[in-house]
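Heads up, the thing below is written out as structure tokens.
Read-outs throughout are calculated quantities, based only on the coordinates presented, and are distinct from any laboratory measurement. Since this is a predicted model, take the numbers as computed values, not measurements. Cβ atoms come from the backbone with ideal geometry, glycine included; neighbour counts cover every protein chain shown.
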Amino acid sequence: MVEKNTLVQIKKEMESCIGKRIQLKANKGRKKTFVKEGILECTYPSIFTVRFENDFKNVRKVSYSYTDVLTNTVEIKICGNSKMIV
């Protein structure tokens, strides 16, 4: 069972970073990883959204769950800061 306090703590840390540029590293399975910089856009009770832009100014929004962060499927680092969220 996942500790609820830990998920609440992750959510609070994410809420304090809304609007900040982050580096997101996601494990896509089969030894594939996705590393990209984006902006933490919004937090919801179970998920958070990140906005990515490419060189052509196309915007893509992706959502992840706090459980992804807890299980290290997704790693988040705040840009310009060495702080890592869980």
* Structure fact -> Rg/Rh over Cα atoms for the chain, Kirkwood Rh, comes to 0.96
* **Dipole in debye (nearest 20) - the stretch 4-85, about Cα centre, beta carbon charges: Lys, Arg +1; Asp, Glu -1** => 240 debye
